[in-house]
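First up is the structure itself, then whatever we jot down about it.
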Amino acid sequence: KKENPCAVCTDALRPGSPNRRRNVSGLLRWKTDPEGPVHNILIDCGKSFWEGALHHFPAHDVLGLDALFLTHAHADQMGGLDDLRDITLRMTRGPLPFYVSAKDLEVVKRAFPYLFDGVSHARGGGVTNLQPSIFSSEPFQVEGLGFTPVPVWHGKDYLSHGFRFGPNLWLGDISAWPETTPWALAEGLELLVLDALRPKPHPTHFHLEQSLDFVRKARPKKTLLVDMTHDFEHEAVNRDLSAWGRAEGLDVQLAHDGLVVDLVF
């Protein structure tokens, strides 16, 4: 027993605590036709996906997925791919379009060969049915909504991807903005979702000061910070960010699991 337990980790044990943080994922929901079905796109599917889906999908009447986007092939982004089998086999009942870069698809195939080769599983039950669709730097559309991949550094020699859709930008894991990625993709934003791992510098992620510098430059109307460690106590840091935002004329807050945000497309 530790004499001085972490206050944030202790609070995270409390059901509903905003300090209880699963792997970062986003679910985009929209209608192409006001009278038509709701479209659902999942961004990343990490190790804690199933726990989060059991809690949040029924609460928001999520009955299936139209596509999965992978920002990069790390465990906290792809570790839950196996858990999509109940969705592809019983909810959507068909292959799930899987938008992924070529290099990341090769990593996923090595980690989950049985999802792709048809022979590496025990054949005792179905497996997740993924239909890879390779993206590069060109915009593409899913169910009438346009997306542009945004390559960013996630460490010195590793490229991750964010996604620009309408006036919104998702940057889950980033350590630097490459010179070869057009800055225009970060301009004119209604919403920015941005990595902010911890208060101190880190070799493969933005730390808080870098995140705020990025927000200062991009000046989105609203910023949600994600991927925080237990160095951030949710309510206390949000109070500090509110004060910082008033001084800068910006709206920046820590996100939390289950947060619902209205988007402009």
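The values are calculated or read from the model by the stated rules, or taken from the named source; none is laboratory data. Predicted model, so just to flag it, every value in this text is computed and none were measured. Note that we place each Cβ from the backbone using ideal geometry, even for glycine, and neighbour counts take in every protein chain shown. Surface areas here come from the heavy atoms of the whole protein model, side chains and all, with no ligands, DNA or RNA. Shrake-Rupley method; radii C 1.70, N 1.55, O 1.52, S 1.80 Å.
Numbers below:
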| quantity | calculated |
| --- | --- |
| Proximal lysine pairs, the chain, alpha carbons under 26 Å, eight or more residues apart or interchain | 14 |
| The chain: most fluctuating residue of 229, 88, 32 per GNM, C-alpha cutoff 10 Å | 32 |
| Protection proxy ranking, peptides 65-71, 205-211, 256-262, average beta carbon neighbours within 10 Å, highest first | 65-71, 205-211, 256-262 |
| Antiparallel bridges, percent of DSSP beta bridges restricted to the chain (to nearest 5) | 45 percent |
| Hull volume in cubic angstrom per residue (convex hull over the Cα atoms of the range 32-136) | 107 Å³ |
| Listed values (1) 16.0; (2) 13.0; (3) 16.9, entry calculated as mean projected area of the Cα convex hull in nm² | (1) |
| Sparse-neighbour loop sites [trypsin sites (Lys or Arg not before Pro); the range 12-64; at most 12 other C-beta within 10 Å; DSSP] | 31 |
| Percent carbon-and-sulfur accessible area, the range 29-119, ignoring ligands, DNA and RNA, probe 1.4 Å | 55 percent |
| Environment charge of residue 30, counting only residues whose C-beta is closer than 11 Å and scoring Lys/Arg +1, Asp/Glu -1 | -2 |
| Mean separation of Cα contacts under 8 Å, 6 or more apart, over the residue count of the chain: relative contact order % | 13 percent |
| Filtered trypsin sites (Lys or Arg not before Pro), the range 74-160: DSSP coil and at most 14 other beta carbons within 10 Å | 93, 123, 156 |
